[in-house]
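Visitor: Below you will find the structure I want to go over with you.
The values are calculated or read from the model by the stated rules, or taken from the named source; none is laboratory data. Worth saying up front: this structure is predicted, and the values here are computed from it rather than measured. Virtual Cβ from ideal backbone geometry, glycine too; neighbours counted across all protein chains shown. Areas reflect the complete protein model, heavy atoms only, side chains present, ligands, DNA and RNA absent. Shrake-Rupley method; radii C 1.70, N 1.55, O 1.52, S 1.80 Å.
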Amino acid sequence: MTDRVYPSSKPITTNNTTTAPIPTTTTPATAATTKPQQQQPRYPYRPQPQYGNHHRRRPSRRCRINCCCCCFWSLLVLLALALLLAIAGSALYVLYHPQKPHFSINSLRIAKLNLTAATSDSSPSASHLNSLLNLTLTSKNPNSHIVFFYDPFTLTAFSTSSVQLANGSIPAFVSNKNNETSFRAVLTESKDLDTDSATSLRSDLKRKTGVPMKVQMDTEVKVKMGGLNSKKVGIRVTCQNIKGVAPKSKTPSVASVVDAKCKVDLRIKIWKFTF
């Protein structure tokens, strides 16, 4: 099979001269390649919707109604429990009429209360405190249907400037109904004081009326009310308005406890905090 030659329809003109058209030979392969390419169909562009915060799906009305009902019933249950607890507390108060225990200081004798220069080389400007106190106190249970179970007491004597003068302890005991119990405790201290504490205590020792002191007692107590037993609760007893004079000889001096008043406070501990 021979290739066909098709002459050009127009002559070629160059430099005012006319030349005959040059025949071209086209092969089937070349003709195939010179065919125009078919264009792919184009689809219209459709932008994707963008959802912002204002286009978010809002909760349906049924969900909001369910949430409101849940909150309402939860609040109603809490109010009912609070009402039941209030009624139970009122009933217990009417039946047993609970009262706080009473504490009082009967006597306080000061055998030692000396402030001398410290002998340690690390703090030559500090002073050394040496004290010995004999304390007699009374615990009274005014309730007819309540029994108190006390853990051991920790006793601490302070001056008005919050300087720790002495410390001691009282063993655990049970305070029965309408019972009164007396104790004797020995409080001692032997330690070095810093400059500020020594200065404030030295000025208190120079008072003619004596050193203003307070005795602080800390413990935990469990209450038995009829057939009910409570958990242990911390209490703090603070006895103030005590005045004592440092003894000038080996004979102990007697502190004035006529105006001493003791206050009982609850010490509720929540996690690491005590209120």
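Visitor: Go through 131, 182, 139, 127 for me and flag whichever is open to solvent by 30 Å² or more (accessible area, probe 1.4 Å), of a type in the set (Ser, Thr, Tyr), touching a Ser or Thr at 6+ places or on another chain (Cβ under 7 Å) and touching a residue at least 40 places away in the same chain (Cβ under 8 Å).
Guide: Answer to the selection: 182.
Visitor: Where residues in region 187-214 are among the basic types (Lys, Arg) and touching a residue at least 60 places away in the same chain (Cβ under 8 Å), which of them is least open to solvent (accessible area, probe 1.4 Å)?
Guide: Among them, the one singled out is 191.
Visitor: Take residue 177 and decide whether it is of a type in the set (Lys, Arg), in contact (Cβ under 8 Å) with a residue 12 or more places away in the chain, open to solvent by 60 Å² or more (accessible area, probe 1.4 Å) and in a strand (DSSP E or B).
Guide: No, not satisfied.
Visitor: I would also like to ask the following. If I filter region 126-174 down to residues being of a type in the set (Gly, Ala, Ser) and outside any strand (DSSP E or B), which single residue comes out as modelled with the lowest pLDDT?
Guide: In this case the residue turns out to be 126.
Visitor: Please work out which residue is least open to solvent (accessible area, probe 1.4 Å), limiting yourself to region 227-253 and to residues that are part of a loop (DSSP other than H, G, I, E, B), among the charged types (D, E, K, R) and without any contact (Cβ under 8 Å) to a residue 60 or more places away in the chain.
Guide: First pass over region 227-253, keeping only residues part of a loop (DSSP other than H, G, I, E, B): 227, 230-232, 245-252.
Now restrict to residues that are among the charged types (D, E, K, R): 231-232, 248, 250.
Now restrict to residues that are without any contact (Cβ under 8 Å) to a residue 60 or more places away in the chain: 231, 248, 250.
Numbers: 231: 172, 248: 201, 250: 198 Å².
Top of the filtered list is 231.
Visitor: Suppose the filter is surrounded by fewer than 10 Cβ atoms within 10 Å (Cβ to Cβ), at pLDDT below 75 and either not acidic (Asp, Glu) or not in a helix (DSSP H, G or I) (or both); does residue 64 pass it?
Guide: On the way: surrounded by fewer than 10 Cβ atoms within 10 Å (Cβ to Cβ): no; at pLDDT below 75: yes; either not acidic (Asp, Glu) or not in a helix (DSSP H, G or I) (or both): yes.
Against the criterion (surrounded by fewer than 10 Cβ atoms within 10 Å (Cβ to Cβ), at pLDDT below 75 and either not acidic (Asp, Glu) or not in a helix (DSSP H, G or I) (or both)), residue 64 does not qualify.
Visitor: Hey, does region 215-226 have a residue that's part of a loop (DSSP other than H, G, I, E, B), loosely packed, with under 12 Cβ neighbours inside 10 Å and without any contact (Cβ under 8 Å) to a residue 40 or more places away in the chain? First the steps, then the outcome.
Guide: Quick first cut of region 215-226, residues part of a loop (DSSP other than H, G, I, E, B) only: 226.
Pick out the ones that are also loosely packed, with under 12 Cβ neighbours inside 10 Å and you get 226.
If we keep only those that are without any contact (Cβ under 8 Å) to a residue 40 or more places away in the chain too, we end up with none.
For region 215-226, residues part of a loop (DSSP other than H, G, I, E, B), loosely packed, with under 12 Cβ neighbours inside 10 Å and without any contact (Cβ under 8 Å) to a residue 40 or more places away in the chain: absent.
Visitor: Of 202, 184, which residue is in a helix (DSSP H, G or I), touching a strand residue (DSSP E or B) at 6+ places or on another chain (Cβ under 9 Å) and not acidic (Asp, Glu)?
Guide: Numbers: 184 fails: in a helix (DSSP H, G or I).
Exactly one residue qualifies, and that residue is 202.
Visitor: If the requirement is being hydroxyl-bearing (Ser, Thr, Tyr) and more than 30 Å from residue 98 (Cβ to Cβ), which of these qualifies: 138, 156, 160, 219?
Guide: Answer to the check: 160.
Visitor: Same structure, new question: Restricting to region 254-266, what's the tally of residues that are part of a strand (DSSP E or B) and either without any contact (Cβ under 8 Å) to a residue 40 or more places away in the chain or open to solvent by 70 Å² or more (accessible area, probe 1.4 Å) (or both)?
Guide: 5
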